[in-house]
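The values are calculated or read from the model by the stated rules, or taken from the named source; none is laboratory data. Predicted model only: the values in this text are computed from it and were never measured. Glycine also receives a Cβ, built like all others from the backbone with ideal geometry; neighbour counts cover every protein chain displayed.
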């Protein structure tokens, strides 16, 4: 059986560090993700990560995605106990509405908190997590899910606020409506809420899940840990593991980000030997312009690292900070016509035709 059982904090740290690197500036707080998992692992519970092909049994069973929704600038104070209560309430409501058994969890995206939530749920109710996710990175809006590319329903959806309000969405007219409704609940609740949505049959999960991303995240976390121990160039080791490119090195000169309560949005600028890199942020890093010309466009991944190879999330960037900007390819499904409608530069209001990062960097296919 292709299964990973996480029982130690070191394994959890590897996984969440790697997921936070792939989160392109978003995906929630790595610190809080580790705090949640420290609690359940400390109680002797394990986390089971299972290859999707190994799920079997109840054909009527479904996989669901639990995650946080909110602004990277409004992470707020949270506790494991509070999240536990919100998660169990949401799970109970969604199972009752579905009239079907939840047999496991799928990460909605990669990130320090949003990958931790399904892992935490796994330990809490002793159900496995799929080795994969619905994005292959992190994204700012509910639009950015492979379910929408494939036309799969994301409802019924349950949104639980930290004030204990519970909103059940039985259906939505469009992904635009879904984003607006769920985001507003988070906005009026102090900037965040917990969601469970996207009930997938095993057949549909086979189409929607970007496979192997949790085990790959663990690999990236180990790369960082082992490179530090061996005194290697951590960033170069990560670039090799990502099959990516070191795009830019420099000092952050400008941080012009606004927390709207829904997103942390704006631009940052990095000055370096090659000029100025300007990066558009909407929770995640979405567009990089080198001397006003695009060098990386969403959905391809823009990753900011410090010199130790640790991710610099969008709410951590400050003027005077030295950063290394790394890029890598998005999963192929995001380069499809529908994928680019939901996650390309034009979706975020930029009048650029998407070009793959390897073409923009002159690296070939």
Next item on the list: Could you run through region 308-365 and say how many residues are surrounded by fewer than 22 Cβ atoms within 10 Å (Cβ to Cβ), more than 20 Å from the chain's Cα centre (by Cα) and either at pLDDT below 95 or within 21 Å of residue 241 (Cα to Cα) (or both)?
Entry: 10
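Results for (1) closer than 24 Å to residue 37 by Cβ; (2) under 16 Å from the mean Cα position of the chain (by Cα), shown as yes or no for each residue.
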{"site": "117", "(1), (2)": "yes, yes"}
{"site": "126", "(1), (2)": "yes, no"}
{"site": "129", "(1), (2)": "yes, yes"}
{"site": "149", "(1), (2)": "no, no"}
{"site": "152", "(1), (2)": "no, no"}
{"site": "155", "(1), (2)": "no, no"}
Check: Taking region 246-277 as the region of interest, how many residues are without any contact (Cβ under 8 Å) to a residue 40 or more places away in the chain and within 21 Å of residue 235 (Cβ to Cβ)?
Finding: 7
Check: Out of curiosity, is residue 254 modelled with pLDDT of 95 or more and out of contact with any helix residue (DSSP H, G or I) (no Cβ under 6 Å at 6 or more places or on another chain)?
Finding: yes
Margin query: With in contact (Cβ under 8 Å) with a residue 12 or more places away in the chain and assigned to a loop (DSSP other than H, G, I, E, B) as the only criterion, which of 119, 87, 127, 91 stands out?
Written below: 127
Check: If you go through region 75-83 one residue at a time, do you hit one that is in a helix (DSSP H, G or I) and either buried (at least 24 other Cβ atoms within 10 Å of the Cβ) or touching a helix residue (DSSP H, G or I) at 6+ places or on another chain (Cβ under 7 Å) (or both)?
Finding: yes
Notebook entry, point to check: When residues of region 168-179 are filtered for being assigned to a loop (DSSP other than H, G, I, E, B) and surrounded by 12 or more Cβ atoms within 10 Å (Cβ to Cβ), how many remain?
Noted result: 1
Notebook entry, point to check: Counting only residues that are part of a helix (DSSP H, G or I) and touching a strand residue (DSSP E or B) at 6+ places or on another chain (Cβ under 9 Å), which one in region 33-52 is surrounded by the most Cβ atoms within 10 Å (Cβ to Cβ)?
Noted result: 37
Notebook entry, point to check: Just for region 157-167: of the residues that are within 23 Å of the chain's Cα centre (by Cα) and assigned to a loop (DSSP other than H, G, I, E, B), which one is farthest from residue 201 (Cα to Cα)?
Noted result: 162
Next item on the list: Those residues that are over 17 Å from the mean Cα position of the chain (by Cα) and closer than 24 Å to residue 50 by Cα, I need them from region 168-214; list them, please.
Entry: 199, 200, 201, 202, 203, 204, 205, 206, 207
Notebook entry, point to check: So which residues in region 261-283 are out of contact with any strand residue (DSSP E or B) (no Cβ under 7 Å at 6 or more places or on another chain) and closer than 20 Å to residue 343 by Cβ?
Noted result: 262
Next item on the list: Quick one: which residue in 218, 135 is part of a loop (DSSP other than H, G, I, E, B), in contact with a strand residue (DSSP E or B) (Cβ under 8 Å, 6 or more places away or on another chain) and at negative phi?
Entry: 135
